[in-house]
Structure formats: C-alpha cells, structure tokens
Amino acid sequence: MNPEVETHPVVQRLRELSPEALEDAQIFRGELTVWIPAARLRHVAEFLRDEKALSFKYLSDLTALDHYPNEPRFETVYHLVSLEHNQRLRLKVRLAGDDPRVDSLVPVWPAANAFEREVFDLFGVYFEGHPYLVRIVLPEDWEGHPLRKDYPTEGYR
Amino acid sequence: MPVTLERIPGQEERVILSMGPQHPSTHGVLRLVLELDGETVVRAIYDIGYLHTGFEKSFERLTYSQDITLTDRMDYLAPLSNNLGFCLAVEKLLELEIPAKAQFVRVILTELTRIQSHLVWLGTHAIDIGAMSVFLYCFREREDILHIFEMMSGQRMMTSYFRIGGLALEPPLGWTDRVEKFLKKFPGRLEEYEGLLTRNPIWMRRTQGVGAISAEDAVAYGVSGPSLRGSGVKWDVRKAQPYSSYDKFNFEIPTRPEGDVYARYLVRMAEMRESLKIVRQALDGLPEGPVRANAPHIVMPDRESMKTSIEALIYHFKIVTEGFHPPVGEVYHSVESPRGELGFYIVSDGSPRPFRCHVRAPSFANLQALPKIIEGRLIADVVACIGSIDVVLGEIDR
C-alpha cells in the first residue's frame, strides 16, 4: 500500500477498529476503495455508518462484479456517501464462485433492499438475512443470471 | 407467480388490489400491489421489470463510444443528463481535459433537460391529481426545448450529443438566439403554472401533508434529488462535488422541510428557476474555442480533416473499428439528473469495451421510499405520491 492510501483517515479508522477489518485498499483517480472480508462486512458497515467522524449514512449504490474464470469470482461493490463530510467511499467484498453469499446490509441501510435483489437476480449472489430476496427485474421462472460473464449475450438457446 | 402480497390470517376481508402495470398514473409500467382496508392502504409493494432490456449487459458488448447511445434510452426524459454522466465517467477514467466551451454547452443543455423533464413531471403530476390544463401548457414549453435539442443534435429525445472528449458537433449558428428566446419567455410561463397550482385550494388539499417522509428516512432509503431536498436535506451533486464547471455558476439549492408532496412540488418549481439562472450565466460567459478535447486517438476527427489528412483517416478507422484502450481501473462518477444522483460505475480491463458498467439510477432508489409514504394513506393519495417522486421506468428497469 502506498503512503497516500495508508494515511487516508478512513483507512486509519478501519485499522484502529481491527487489523483484520481491512484486506486491501487503493486510491485510483482520487477514489478510495477498501476491501473488507465477507465475515466482517456487517460490523464494518455499522461502524462506517455510526462513527461520528465518518458517518457514511447514505448508501448510494450497490452492485457486483464477475471475474470469471478467476477466483475469487465475485465481488460485491458498495458506494457510500457521507453527506455531512462530503466524502465518498467504495467498499468491496470478494466472494468465492461456487456458493457466493454475503450478509445483507438491509438492516444497516434500508436502501440496500432493491439493489441486493437486483444483484441476486442478475448475478446470483445470495444475501443472507435479506427480508425479501426474490428476482426483481426478471421473471420468477428465469433461468440463469444474465450479468455473469459465462452467460451469453444472446441468452441460452 | 407474479409478485403478490400474502394474506394475513384473520384479515381476509381486506382487498388485495393490483394497480398497474397498465395504469395511466403509474407513469409507465410500474405495478403496485396494495392491501386495502376500505379505502386505506395497509401494505404496499412494487413490482418492476416490465421494461428490463439488459442495458448493463449490452454495455459490455459495445465500445465506449457506442455505449453513449444506450444511455439515452434509460432515462428517456433526461437523455442529455445520462449522456453527460456516462461521458464524465469515461473521461475521468481517461483523465481527459474537456475544453471550456464544451463544458459550458453541456451545462446549458443539461439544465434545459432538467427544465423539460420537470415540465413532463409537472404536467403528468397535475393531470393525475385532476388539473388538466397544466399538462397542455407544460408540453407547449417542453416542445420549445426539444426544438433546441433537435437543432443541436438532429434528435428531439435520443440526442447522444455529448461524446467522450466533448460534443458531437460544433453547435449550429443561431442556437444561442433560440436559447435566449426561451429564457425570455419561460419565467412568465412559470408564473402561469404557479398561478394555476401553488395557491389553488384543491391542489393544496390534495398535496399538503400527503406522502410525508422524514429526512432520516429519506437518507436511509437512498432517496436523492428533489425528493430528498423536499425533506430538507441540502444535498446536490452539482454543489457537493461540482463537475463540468458547475462551480463557476451562482445558484441556490432549494429545499423544503415538510417532506410531503407539496414540498417536493415547490422544490421542483424553484429548481426550474435556478436552472434558468444557470443557463443565463453560462450563455453570458460562453467561452470561445474548440468543443472537443485534443486527443486524436479517442475523439473522432472532423469530417473535413479526414479528406485531407491521412492521420485523421487512420484515427477515424481505428476509433470506429476497434475503439480506444482506456487504462485498467474503475471509476464512479455521478451527476445530478432531474431525478437525483445518477451514477455510472465503470470498470475497465484495458480493452475497448467496458468490463462492467453499472448505472445507479436515481428512480430505482427513490422508488423504495414509495411503499413507506403510501402506507396508511387513502388510495386516492397513491397517485399523488407516485407523481411526486417522479419515477421513470425506463431507468428503473434498465
């Protein structure tokens, strides 16, 4: 990690919270990205929201990436905003390809509800503890998850 | 089985009503499932996806320049805001410097987009509540703005006028006169709408105290744009993280503390005035110079230079057949669209096509607040509430 990342206040706060809370961090085009272990996501999310100096109360976006055929195959991506401090932060969680599951963040940010359903629908990532995890944009009987990289653009024939 | 509400044991006398997707006041193809106790909505859920076209998958198949045409078709009421959001995200990835004139023209056109989008909102919102004539007036003025778009880009709605690195074309002669004419005419027209609605007792009864949401809830549900500012949260991406030289203009962020339908109405009306102010300043300070960045491997050359210069011809061939190779990395860039924070998250693997392009559609998040604001209200208020959060289903379903 380069010094610019190391001295970033968010990175320092996360290190203080717990050394294991942070897998990796990087700054690209002025945007901070931090990788969180899936097991600590819920805890870190609550910390980021409630800590006065950070107060990331606004979840602006939630999506996922498919790195097929590489492992860990999936990443869920969270874009947070601190309205008070006018700051943005990107959280990422790496997930294995065979059974991608991660804690739902609906209890932390209710805004995550529809976004997690969308990721479940289009990527097949399972969000544990989600109140209503059903397909949102595709029909209920749809087969497969179209935004996965091994899903052909024209669909299965 | 389509989305439905489970009946609660012991409450069998309640009616489960499916509202939409074919319903005039669901603004497209939104479907709501309502559980009614008499005329009161007890529970509500929404069902979307009727317009799902897989834009995000298509993004991965087309080159960056081709992707611009997809962005128009998501939020079809604000095509230029979508063009801008996508172009700015790619330009951030490429670290491309945009000429001042192009930035100002972009600002003028996106602010006009905001006005015309708000006019569609106002007209349809008023017609939902029963004020028929406002709709006709709004569409009259909207047509003036669409004529300006047509003059600039050749298209009324699917403009694709902003390109990576600037504008598609040098703006045509006489376009500033058209904008001037509109600026002169529109303040009076705004008075007309406000005269019809703002102090209208029927309008006030139908909107005041209806569909209220607190600032905390609005933030928690990810609401953005005028719907968030109607709850008293002073947050606007144009001010908070200025892009495309928005920091050079003086304008206010209108907010209202009440959080109800009426407050959202007042905020949008005030926003149209602020947009006029921005257009005025941008037009007065319009710089001279090129409208495209100096980056021949990314920006398409002039038609004329292709006829005389072999380099231009080669670059043109490369851009059209292959596209350009941005650096590996990921960026998120958001703009303030008429509906709120419109974000583009682009991941590049160095190839001419995005590895992933995700759209943070403001309506998608705003819609989550809808069940919250209609539960406990009369069914007649449901249409007022849907209108007041101003959803565009094209952008929700993508």
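Below is a table of values for the structure above.
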| read-out | value |
| --- | --- |
| Scan of the stretch B:170-207 for residues that are free of Cβ contacts under 8 Å to residues at least 60 places away in the same chain and either touching a helix residue (DSSP H, G or I) at 6+ places or on another chain (Cβ under 7 Å) or surrounded by 14 or more Cβ atoms within 10 Å (Cβ to Cβ) (or both), ordered by number | B:P172, B:W175, B:R178, B:R189, B:E192, B:M204 |
| Residue within the stretch A:62-72 that is surrounded by fewer than 21 Cβ atoms within 10 Å (Cβ to Cβ), out of contact with any Lys or Arg (no Cβ under 8 Å at 6 or more places or on another chain), under 26 Å from B:K372 (Cβ atoms) and without any contact (Cβ under 8 Å) to a residue 24 or more places away in the chain present | no |
| Hey, B:D144 surrounded by fewer than 21 Cβ atoms within 10 Å (Cβ to Cβ) and in contact with a helix residue (DSSP H, G or I) (Cβ under 6 Å, 6 or more places away or on another chain) or not | yes |
| Members of the stretch B:7-56 that are among the small types (G, A, S) and either within 22 Å of A:E140 (Cα to Cα) or touching a helix residue (DSSP H, G or I) at 6+ places or on another chain (Cβ under 6 Å) (or both) | B:S18, B:G20, B:S25, B:G28, B:A44, B:G49, B:G54 |
| Unmet requirement for A:P100, which otherwise passes all of (1) within 14 Å of chain B (Cβ to nearest Cβ); (2) surrounded by 19 or more Cβ atoms within 10 Å (Cβ to Cβ) | (1) |
| Which listed residue, of B:P99, B:P79, is closer than 27 Å to B:F162 by Cα, crowded, with 24+ Cβ neighbours inside 10 Å and out of contact with any Phe, Trp or Tyr (no Cβ under 7 Å at 6 or more places or on another chain) | B:P79 |
| Helices (runs of 4 or more DSSP H) (entirely within the stretch B:177-278) containing at least 2 residues that are farther than 26 Å from B:F139 by Cβ | B:215-220, B:237-240 |
| Test: residue in the stretch B:349-359 that is buried (at least 21 other Cβ atoms within 10 Å of the Cβ), in contact (Cβ under 8 Å) with a residue 60 or more places away in the chain and in a loop (DSSP other than H, G, I, E, B) | yes |
| Selected residue [over 26 Å from A:H85 (Cβ atoms) and under 20 Å from the mean Cα position of the chain (by Cα)] from B:R292, B:R238, B:R268, B:R303 | B:R268 |
| Residue check, A:A21 touching a residue at least 12 places away in the same chain (Cβ under 8 Å), aliphatic (A, V, I, L, M) and within 18 Å of B:E330 (Cα to Cα) | no |
| The one condition in (1) touching a Phe, Trp or Tyr at 6+ places or on another chain (Cβ under 9 Å); (2) over 21 Å from B:F55 (Cβ atoms); (3) surrounded by 13 or more Cβ atoms within 10 Å (Cβ to Cβ); (4) more than 9 Å from chain B (Cβ to nearest Cβ) that A:V81 fails to fulfil | (4) |
| The stretch A:133-147: number of residues that are within 19 Å of B:R61 (Cα to Cα) and at the interface with another protein chain (Cβ under 10 Å from one of its Cβ atoms) | 2 |
| Residue count, the stretch B:20-75 (criterion: of a type in the set (V, I, T) and either within 30 Å of B:G10 (Cα to Cα) or part of a strand (DSSP E or B) (or both)) | 6 |
| Lone qualifier among B:V279, B:V328, B:V320 - being among the β-branched types (V, I, T) and surrounded by 18 or more Cβ atoms within 10 Å (Cβ to Cβ) | B:V279 |
| Residue in the stretch B:232-245 that is away from chain A (no Cβ under 14 Å) and farther than 26 Å from B:T124 by Cα present | yes |
| Counted residues, the stretch B:89-110 - those being under 22 Å from the mean Cα position of the chain (by Cα), within 14 Å of chain A (Cβ to nearest Cβ) and either within 11 Å of B:G289 (Cβ to Cβ) or not β-branched (V, I, T) (or both) | 3 |
| The stretch A:6-64: number of residues that are over 26 Å from B:L342 (Cα atoms) and within 14 Å of chain B (Cβ to nearest Cβ) | 1 |
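Conditions (1) touching a Phe, Trp or Tyr at 6+ places or on another chain (Cβ under 9 Å); (2) aromatic (F, W, Y); (3) surrounded by 24 or more Cβ atoms within 10 Å (Cβ to Cβ); (4) under 30 Å from B:L173 (Cβ atoms), marked per residue:
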{"residue": "B:V29", "(1), (2), (3), (4)": "yes, no, no, no"}
{"residue": "B:F55", "(1), (2), (3), (4)": "no, yes, no, no"}
{"residue": "B:E60", "(1), (2), (3), (4)": "yes, no, no, no"}
{"residue": "B:T69", "(1), (2), (3), (4)": "no, no, no, yes"}
{"residue": "B:F86", "(1), (2), (3), (4)": "yes, yes, yes, yes"}
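No value in this document is a laboratory result; all are computed from the given coordinates. Since this is a predicted model, take the numbers as computed values, not measurements. Counting neighbours? That spans all protein chains shown, and the Cβs are built from the backbone with ideal geometry, glycine included.
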